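Everything on this sheet refers to the single structure shown next.
The values are calculated or read from the model by the stated rules, or taken from the named source; none is laboratory data. Keep in mind that what you see is a predicted model, and the values were worked out from it rather than measured. Here the Cβ positions follow ideal geometry from the backbone for every residue, glycine too, while neighbour counts run over all protein chains shown.
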Amino acid sequence: MSGTSNFPQAVDNYTPLVDGVDVIQADDENNSYVAHNKTQTFIGSSGAPQSHNTDLLAQIFGAKEVLGTIQLSYVDQGTIRASAGIVVCENGTGTLRKLRKNTSTVNITFADLDTGSEQASTRYYVYAVADATATTVTFKISTNPTTPSGVTSYKRIGHFFNDASSNIVQKSVTSEISWKLAQIVEKRYSDAITISYAEIPSDDTIPQSTEGALAMTVEITPKKPTNVLVVEHGYWTSTTPMSGMIVCIFKDSEANAAAVWNEIQAASHSYGSYKQSFYYGAAGGVNEISFKLRIGSGGFTINGAGGSRRFGGAGYSFMRVKEYEPS
């Protein structure tokens, strides 16, 4: 039985001892990697030295705090931000894999460009990089959509566009994340919901939780704080006078609306059906969250008209929350 200093990049040779022939003194008792060769074979080689990896148990249990692929967001015209998260970086052939974590938000600027200088009217790709001897990740920006220059182990996590003035376009900042559905919570309303005049000002201020009229609510208890929640609403209604309807989503006891939508009823007493994906945001915890739908209008009846229900409850309205987690 013999070992190698390349462990765990290569599986050690293993030869069973033969009774009456081999003696234990013939082996190097100080080489701990020899005793671990079967464990290595079972787990699989990461393709990199131990100093390049955080330990397996720390990743499994620590993932509760940093679970999720790293997400990008806009900061200013020259800066984007990477969220906390975990990522697996690979070499070009996929034979070397390194599991890394980003423990806190990190700003990424053009100082992180892999080669050359910042260019206008150019699409840039953002990579997580795991070349250093560390358990954390670094970042690079590149114009190359598949292979950043000067790095070996990497993972593309997003992209953005630099406009003609060499400014990052906010709406272009995109995270390349795959999601799986964790749960769906839906509350249905089949009775008539009639509310008289309730105003939400149509001006450049954020609607407040004291404005408009409460129409529907739904509650969800997220499974993980890093998961993303998407709130949908669907209803049909008839307004009393001809008017627009300002529709808002409020979260828990927050005063400011989390999302706002403007809907226009075609004519007085006409029916209208609406379905929107309204709110998108991180759960932020595992305590119950209440979402409220408030509407500002000249008067309306949900699930009916003129204060009376129509269609025997078959034409129900709903609020729905979908919880997604990175996959």
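Worth a mention:
- Pick from segment 101-119, criterion within 17 Å of the chain's Cα centre (by Cα) and assigned to a strand (DSSP E or B), ranking: surrounded by the fewest Cβ atoms within 10 Å (Cβ to Cβ): VAL106
- Filter result (part of a strand (DSSP E or B) and out of contact with any Asp or Glu (no Cβ under 9 Å at 6 or more places or on another chain)) within segment 312-327: SER317, GLU323, TYR324, GLU325, PRO326
- Any chance SER253 is small (Gly, Ala, Ser), surrounded by fewer than 18 Cβ atoms within 10 Å (Cβ to Cβ), at pLDDT 85 or above and not assigned by TED's automatic domain parsing to the domain that holds SER73: yes
- Residue that is nearest to TRP236 (Cα to Cα) [pool: residues in segment 132-190 that are touching a helix residue (DSSP H, G or I) at 6+ places or on another chain (Cβ under 6 Å) and modelled with pLDDT under 95]: SER190
- Residue pairs whose Cβ atoms lie under 6 Å apart, sitting 6 or more positions apart in sequence or on different chains, and linking a residue in segment 186-200 that is within 13 Å of GLY307 (Cα to Cα) and in contact (Cβ under 8 Å) with a residue 60 or more places away in the chain to a partner that is surrounded by 17 or more Cβ atoms within 10 Å (Cβ to Cβ) and of a type in the set (Val, Ile, Thr), are ALA192/THR301; ILE193/ILE302; THR194/THR301.
- Some residue of segment 49-65 being in a helix (DSSP H, G or I), surrounded by 16 or more Cβ atoms within 10 Å (Cβ to Cβ), β-branched (Val, Ile, Thr) and modelled with pLDDT under 65: no
- Some residue of segment 294-303 being surrounded by 15 or more Cβ atoms within 10 Å (Cβ to Cβ), closer than 30 Å to ALA84 by Cβ and modelled with pLDDT of 75 or more: no
- Residues in segment 175-220 that are within 30 Å of GLU118 (Cα to Cα), surrounded by 14 or more Cβ atoms within 10 Å (Cβ to Cβ) and among the polar types (S, T, N, Q): SER175 alone.
- LYS98 meets each of the listed conditions (1) out of contact with any Pro (no Cβ under 8 Å at 6 or more places or on another chain); (2) at pLDDT 70 or above; (3) over 19 Å from VAL173 (Cα atoms); (4) loosely packed, with under 15 Cβ neighbours inside 10 Å apart from (4).
- Every condition in (1) assigned to a loop (DSSP other than H, G, I, E, B); (2) under 30 Å from HIS52 (Cβ atoms) is met by ASP191 except one, and the failing one is (2).
- Of all residues in segment 127-142, those satisfying the criterion of being in contact with a Lys or Arg (Cβ under 7 Å, 6 or more places away or on another chain) and surrounded by 15 or more Cβ atoms within 10 Å (Cβ to Cβ) are TYR127, ALA128, VAL129, ALA130, THR135, VAL137.
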